[in-house]
1. Which of the residues that make up the range 39-84 are of a type in the set (Ser, Thr, Tyr), part of a strand (DSSP E or B) and buried (at least 23 other Cβ atoms within 10 Å of the Cβ)?
2. Kindly evaluate residue 175 against the criterion of being at pLDDT 90 or above and either in contact with a Cys (Cβ under 9 Å, 6 or more places away or on another chain) or over 30 Å from residue 104 (Cα atoms) (or both).
3. Run down 162, 138, 167 and say which single residue is charged (D, E, K, R) and surrounded by fewer than 16 Cβ atoms within 10 Å (Cβ to Cβ).
4. Give the residues of the range 101-115 that are closer than 17 Å to residue 146 by Cβ and of a type outside the set (A, V, I, L, M, F, W, C), sorted by residue number.
5. Residue 167 passes all but one of (1) over 19 Å from the mean Cα position of the chain (by Cα); (2) in a strand (DSSP E or B); (3) over 21 Å from residue 64 (Cα atoms); which number fails?
6. Answer with yes or no whether residue 13 is over 18 Å from residue 123 (Cα atoms) and either modelled with pLDDT of 95 or more or not in a loop (DSSP other than H, G, I, E, B) (or both).
7. Say we look at the range 120-135 and pick out the residues that are surrounded by 12 or more Cβ atoms within 10 Å (Cβ to Cβ) and not in a strand (DSSP E or B); which of these is farthest from the chain's Cα centre (by Cα)?
8. Taking residue 186, is it outside any loop (DSSP other than H, G, I, E, B), surrounded by 14 or more Cβ atoms within 10 Å (Cβ to Cβ) and not hydrophobic (A, V, I, L, M, F, W, C)?
Amino acid sequence: MKSRITPLALLLAASLSFSATAAPVYEQAPVAGSNVGYTWASQFNGSQSGAQTYDDFSLGQAAQINRVTWRGVYLTGNAQGQCCVNGAANSDSWTVEFYTDAGGTPGALAYSHSVAAAQVHRQVGSGFWGGEAVDVFDFDLLLGSQFNAAAGTQYWFSVRSDAASSDPHFSWSMAGPYNTGDTSFQRGYTNGNLSWAGTTRPGDRAFALHEVPEPSGLALAGVGLLAAFMRPKRRKA
């Protein structure tokens, strides 16, 4: 019996790990090579002052987005007080948001989810920003609830670091290769209030959106397979 169950157990384990390997429903891959390209700040300090960056997207078919990934760096001033050199990661929490479109700019808030930084999986590598060596972070977050994106509809995605201090600050990496027609959007805030309406920034942002099957559904499918596999065989006469 043990030898019969083992292959199916492997199949079930593979189905449960599908969420980690499924292709994203939308992706703007990071710029190739070690240079992270144009990066734009997306971080609030303890008084909710700072900048927030957004990037637009649309899907070919409807999706229930429940996982997001993105790339970025942390920058701080150099010895002369000028920006920028590598800074230490200082995020206390992250806020992931989706907005409707308002004539080519972010419109109404459609979804918002905030989590402690410890709940966001991150991997760190190395790269260059403006010729300076920097730590490059890849972030991965399973959302607590899904965002239902309709097909053929333009939305805006934003990911923002929330930290006690604005220095260092999180800066969202560029997706590549660079094209002058690719743009993102950035707004400034002071004490949680809009301080400047926003401006277009060159370069798309590096992020991906995923639709991950619910673990319970995968587990039920696996249980069904297991029951069918273990059904006693009829003895031959």
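The values are calculated or read from the model by the stated rules, or taken from the named source; none is laboratory data. Model, not experiment: these values are computed from the prediction. With ideal geometry, Cβ positions are generated from the backbone for all residues, glycine too; neighbour counts draw on all protein chains shown.
1. Of the residues in the range 39-84, the ones of a type in the set (Ser, Thr, Tyr) are 39, 42, 47, 49, 53-54, 58, 69, 74, 76.
From what is left, the residues that are part of a strand (DSSP E or B) are 53-54, 69, 74, 76.
Within the range 39-84, 53, 54, 74 qualify.
2. no
3. Details: 162 fails: surrounded by fewer than 16 Cβ atoms within 10 Å (Cβ to Cβ); 138 fails: surrounded by fewer than 16 Cβ atoms within 10 Å (Cβ to Cβ).
The unique qualifying residue is 167.
4. Listed by number, the residues that qualify are 111, 112, 113, 114.
5. The failed condition is (2).
6. Values: over 18 Å from residue 123 (Cα atoms): yes; either modelled with pLDDT of 95 or more or not in a loop (DSSP other than H, G, I, E, B) (or both): yes.
When the stated conditions are applied, residue 13 passes them.
7. Selected residue: 130.
8. Values: outside any loop (DSSP other than H, G, I, E, B): yes; surrounded by 14 or more Cβ atoms within 10 Å (Cβ to Cβ): yes; not hydrophobic (A, V, I, L, M, F, W, C): yes.
Judged against the criteria, residue 186 is a match.
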